[in-house]
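This report concerns only the one structure given below.
The values are calculated or read from the model by the stated rules, or taken from the named source; none is laboratory data. Remember, predicted model here, so these are calculated numbers, not experimental data. Counting neighbours? That spans all protein chains shown, and the Cβs are built from the backbone with ideal geometry, glycine included.
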Amino acid sequence: MDEQPGLSDQYRMASPWPPFVALGIPIAELGILFDVFVVAVAGLLLFCGSLTGMIREAGYAETAWRPLAVFAVLLFAVGGVLAFTDVALVTRGYAVIAAGAILAAAGVAGELFVPEREPI
């Protein structure tokens, strides 16, 4: 008789990403709201990196590098709107653009330098 009927080692019981998404959103919002550059960039990196992990884990992307680049483009667009449309939001826009630049660099470096795994 099985000790845990109905459970299989094939399926993971829980994903590690949702708590990081839940932390990334308020950290990024606090940094952007109170104009704290480092906190805003860190929160956006945590949020976008966690979403990328969820996308990869769900099987919507083969690697994590291209979704990182997509999030980088989105952050560039939002940061550009913030930085170049209102004088009061310039540093906040620069924080969003900086997070996008870091994500873009990670996406490009990962695509170029991380070897592809052989399928099992």
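Observations, loosely collected:
- Every residue from segment 38-88 that is modelled with pLDDT under 95 and aromatic (Phe, Trp, Tyr): 60, 65, 84
- Criterion (in contact (Cβ under 8 Å) with a residue 40 or more places away in the chain and closer than 30 Å to residue 14 by Cβ) met by exactly one of 58, 98, 64, 72: 64
- Within segment 28-55, tally of residues that are without any contact (Cβ under 8 Å) to a residue 24 or more places away in the chain, surrounded by fewer than 22 Cβ atoms within 10 Å (Cβ to Cβ) and under 17 Å from residue 93 (Cβ atoms): 8
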